[in-house]
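S.K.: So that we are looking at the same thing, I have put the structure below in structure tokens.
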Amino acid sequence: MTDRIFFPSALLVAILMVALAVLPGMNAVPTGPVSGGNTDYRRIEVSGAQLNRFVAGGDVDISVERVDGQPALRIEVEAGTLADDPLRGPHFVLDRDLETVFAGREIQVTVRARAADRFGAEQMRVNYSVGAAIESGWQTFTVTREFTDQSFTWTPPPRAEGTDAGYDYLGIRPVVPEKQRAIYVQSVVFQPMD
């Protein structure tokens with residue numbers, strides 16, 4: 001084989017191999033803990049593709065859908081299936097950088113949500129937790145068929161000297177008095193108040 005054929009063919013094969021290696025990651029959805037990504041941490045928003053970071057945490061149906069032209073997380077739960085522990089229901093984990101930044105500071109948590117069209121809930125519950133023993137407690141909000149912002153403030157405890165950061169997490173679920181209920185969550189925003 002001559003050099004005129006070999007080198008262009010080798011270049012073509014190399015380009016094809018790089019393209020095949022990169023393509024699978026291009027459509028991958030984000031997973032794992034939510035991080036501030038070394039931003040200024042004044043406003044951390046979980047929305048759009050970032051909603052894929054939610055974990056069902058129990059017998060819950062969750063999916064990211066388009067609602068009113070925007071991505072939204074649908075959370076559907078049957079009555080009596082979830083324990084009171086926020087980790088045993090729909091939640092997402094905050095990475096260590098956010099836990100470190102938020103520790104000891106008053107944080108405003110704003111959830112933009114609405115009742116789902118099918119099995120729409122009348123209320124949702126939100127809980128910021130630092131572990132099994134330390135949490136904001138369930139905050140209950142009324143939801144309607146329109147997206148609205150629901151907020152509460154809470155101060156995660158300061159981190160003890162010499163301890164490693166763990167993981168904070170935020171649980172969100174519809175209130176399910178009977179049968180099943182569902183909500184759409186369009187975004188979650190964390191803002192330190194100082």
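S.K.: Relative contact order of the chain, please, whole-number percent, based on alpha carbon pairs below 8 angstrom and at least 6 residues apart.
M.R.: Averaging sequence separation for qualifying contacts and normalising by length gives 29 percent for the chain.
S.K.: For residue 2 and residue 17, calculate 0.36 nm times their separation in residues minus their Cα-Cα distance, and state this gained length in nm to one decimal.
M.R.: Result for the pair: 3.2 nm of gain on full extension.
S.K.: Further, regarding this structure: What are the ³J(HN,Hα) couplings of the range 98-109, residue after residue, when phi is run through the Karplus curve with 6.51, -1.76, 1.60 and θ = phi - 60°? Round to Hz, x for glycine and proline.
M.R.: So the J values, rounded to whole Hz, are 5, 4, 5, 5, 7, 4, x, 10, 5, 10, 9, 10.
S.K.: Assuming 0.36 nm per residue, please report the length gained on full extension of the stretch residue 159 to residue 81 beyond their Cα-Cα distance.
M.R.: 24.8 nm
S.K.: At 0.36 nm per residue, minus the direct Cα-Cα distance, what do residue 40 and residue 191 gain on full extension? Give it in nm, one decimal, please.
M.R.: Contour length minus Cα-Cα distance gives 53.3 nm.
S.K.: Test of the criteria: in the range 64-117, which GluC sites (Glu not before Pro) are in a DSSP loop and have at most 14 other Cβ atoms within 10 angstrom of their Cβ?
M.R.: Within the range 64-117, the qualifying GluC sites (Glu not before Pro) (loop, at most 14 other Cβ atoms within 10 Å) are 106.
S.K.: Taking square-rooted eigenvalues a ≥ b ≥ c of the alpha carbon gyration tensor, is the range 21-124 rounded, prolate or oblate, where a/c under 1.5 means rounded and, failing that, a/b exceeding b/c means prolate?
M.R.: Since a/c reaches 1.5 but b/c is at least a/b, the shape of the range 21-124 is classed as oblate.
S.K.: Kindly identify the range 107-194 as rounded, prolate or oblate by the Cα gyration tensor criterion: order the square roots of the eigenvalues as a ≥ b ≥ c, call it rounded if a/c is under 1.5, otherwise compare a/b with b/c, prolate if a/b is larger, else oblate.
M.R.: prolate
S.K.: Let me ask something additional. If I compute volume of the Cα convex hull per residue in Å³ from the structure I just sent, which labelled value in [x] 117; [y] 130; [z] 177 lines up?
M.R.: It is the value labelled [z].
S.K.: Per DSSP H run of n ≥ 4, the term is -39500 (n - 2.57); total these for the chain, divide by its residue number, and report the mean residue ellipticity at 222 nm rounded to 500 deg cm²/dmol.
M.R.: -5500 deg cm²/dmol
S.K.: What are the ³J(HN,Hα) couplings of the range 39-49, residue after residue, when phi is run through the Karplus curve with 6.51, -1.76, 1.60 and θ = phi - 60°? Round to Hz, x for glycine and proline.
M.R.: Each residue of the range 39-49 in turn: 7, 7, 6, 7, 8, 10, 10, 10, 7, x, 4 Hz.
Each reported figure results from applying straightforward, stated rules to the coordinates on display, with no laboratory input. A quick note: this is a predicted structure, and the numbers were derived from the prediction, not measured. Cβ coordinates were reconstructed from backbone atoms using ideal geometry, including for glycine residues, and neighbour counts include every protein chain displayed.
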